[in-house]
Structure formats: C-alpha cells, structure tokens
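Inspection log for the structure reproduced underneath, given as structure tokens.
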Amino acid sequence: MTQPQHPLAEFLSKIPVLSAYRDKEMRREVDRRLREALAQALEAQRRRVTDLQQDLLRVPGGLRWMGLMERVQSRFTLLMDKIRTATDGYRPFFDLERVDEAALERLRQFDQDFAQQTLHLESDLEGLQQAVRAGDAQTLETGLQRLLDRLDALLRLWEQRDRLLQHPDARWSQG
C-alpha cells in the first residue's frame, strides 16, 4: 500500500513547471548514481589489475611487465576520475521550456551503451589471469595491449559524452 502524499507536496506536484523541474532533478540523480556505479565497477576491475601485478611479481621475469601494468592502472584511474567528475545529465540552469527531451534520451542511451562497453573489460582481465597462471608471455603481452587499447577507446568514447551535452543534436560513434 502506498503512503499518502503530504497535501503540499501533492499540490506542488500538480504545478507543471515544478513537476518538470522535479523530473529533471530526478534524471540528474539517476545519472549521478549510474556514473558512481560505473566508477565503482571500474574500481573493482582496477583492483584485479593490482592483484595481477602482485601475481606477476612472483613469476620469474614478471618485473618486465610492470611498466605496461602501470599504464593500464593509470588508464583505469583516469577513466574513473572522468566518470566521477562528469557533468550531470541535466543542468539546472537550462530554461525548463527549452529542454530537449530527445537530447536527454540520447544521453541516457549513451550512458547505457558506455556501461555495456565496459563489460568487455571483464573478459580481458580473465584472459590476463589465465595467461599469468599459465606463464604464457605472448598471450600476456597481447592481452595487456588489448586491455590498454580498450581503456583508451573507452576514454575517447567518454569524451564524446561532453559533446552530447554541449551539442544536443550530436551523435556518438562506438567504433
């Protein structure tokens, strides 16, 4: 059973401008939470890289991979920082009458597609873990480079998000 709404809140929700503002504030909150969840998921992946570094240090010759591992770590950190400090999906100083709902929908779709792209990091890290366990230097090198390339691609893709906010008719490319 739903709880009855306070009479003042109920009255205010019926005023179109306030209702629209509240809806847009809710979108901001959802956007912020999505970005924080994304950053936390990336942090978990970054910790796996740290564990891999420790494993590599126990393997003869593993020290040679530390430079590349550090580059991977720094890309993860940069991506997480960009996500956490990104502009909210809706800026309150916009005029409520001029908000382009289609642009907001494109931004929501972008965030969803971006989150989908990050799922590939999981399989990349699984492959690296297997290569470390097997002591397979060639697969390890290939896997580290693939992971670094994927992180660079995610960074480039994330930069397109700002363009979507600045230019509501803009599109993004996933490739």
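The values are calculated or read from the model by the stated rules, or taken from the named source; none is laboratory data. Keep in mind the model is a prediction, meaning the values are calculated, not measured. Note: ideal-geometry Cβ built from the backbone for every residue, glycine included; neighbour counts use all protein chains shown.
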Give the number of residues within region 112-133 that are farther than 22 Å from ARG161 by Cβ, touching a helix residue (DSSP H, G or I) at 6+ places or on another chain (Cβ under 9 Å) and small (Gly, Ala, Ser). 2
Near pairs, Cβ below 9 angstrom, 6+ apart or cross-chain, from region 135-162 (in contact (Cβ under 8 Å) with a residue 60 or more places away in the chain) to any residue that is assigned to a helix (DSSP H, G or I) and hydroxyl-bearing (Ser, Thr, Tyr): LEU154/THR118
Filter region 86-125 down to the residues that are within 14 Å of GLU159 (Cβ to Cβ) and modelled with pLDDT of 90 or more and list them by number. PHE114, GLN117
If PRO60 passes every condition in (1) at pLDDT 70 or above; (2) assigned to a helix (DSSP H, G or I) but one, which one does it miss? (2)
Taking GLU70 as meeting all but one of (1) within 18 Å of the chain's Cα centre (by Cα); (2) over 19 Å from ALA39 (Cβ atoms); (3) modelled with pLDDT of 90 or more; (4) among the acidic types (Asp, Glu), write down the number of the exception. (1)
